[in-house]
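Here the structure comes first, spelled out in structure tokens, and everything after it is commentary.
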Amino acid sequence: QTVARIMVKPQTAWSEARSSAVDDSMSFSPWHGLAAHQPLGGIMRSRKRAYEMGKRFRAERNGCTIAEPREAIKLP
């Protein structure tokens with residue numbers, strides 16, 4: 001037996017402009033979290049340097065500054 005039907009209109013939550021803003025000006029690193037949650041071990045310390053170098057390389061190649069978010073940001 002059908003007890004309910006939910007209908008939701010399509011949402012335009014993601015756009016090309018938002019995708020470009022995230023891809024070009026943000027970076028990911030496991031070290032962005034709380035100190036208590038930071039990765040452990042020598043392999044992870046090596047990865048930290050690789051993340052930093054990748055971020056620098058992308059910033060130079062894309063010609064933009066990659067900022068680390070400190071609070072929620074509003075994307076275009």
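The values are calculated or read from the model by the stated rules, or taken from the named source; none is laboratory data. Owing to the predicted nature of the structure, the values given are computational and were not obtained by experimental measurement. Don't worry about glycine lacking a Cβ; one is built from the backbone with ideal geometry, like all the others, and counts go over all protein chains shown. With ligands, DNA and RNA removed, areas are computed over all heavy atoms of the protein, side chains included. Shrake-Rupley method; radii C 1.70, N 1.55, O 1.52, S 1.80 Å.
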Yes or no: residue 2 part of a loop (DSSP other than H, G, I, E, B) and modelled with pLDDT of 85 or more?
yes
What are the residue pairs meeting all of these: first residue in the range 53-76, first residue over 11 Å from residue 21 (Cα atoms) and modelled with pLDDT of 80 or more, second residue surrounded by 10 or more Cβ atoms within 10 Å (Cβ to Cβ) and acidic (Asp, Glu), Cβ atoms under 7 Å, and 6 or more apart or on different chains?
62/24
Conditions: (1) free of Cβ contacts under 8 Å to residues at least 12 places away in the same chain; (2) surrounded by 10 or more Cβ atoms within 10 Å (Cβ to Cβ); (3) outside any helix (DSSP H, G or I). Residue 23 meets all but one. Number of the miss?
(3)
Scope the range 27-46; condition open to solvent by 50 Å² or more (accessible area, probe 1.4 Å) and touching a residue at least 12 places away in the same chain (Cβ under 8 Å); matching residues
28, 32
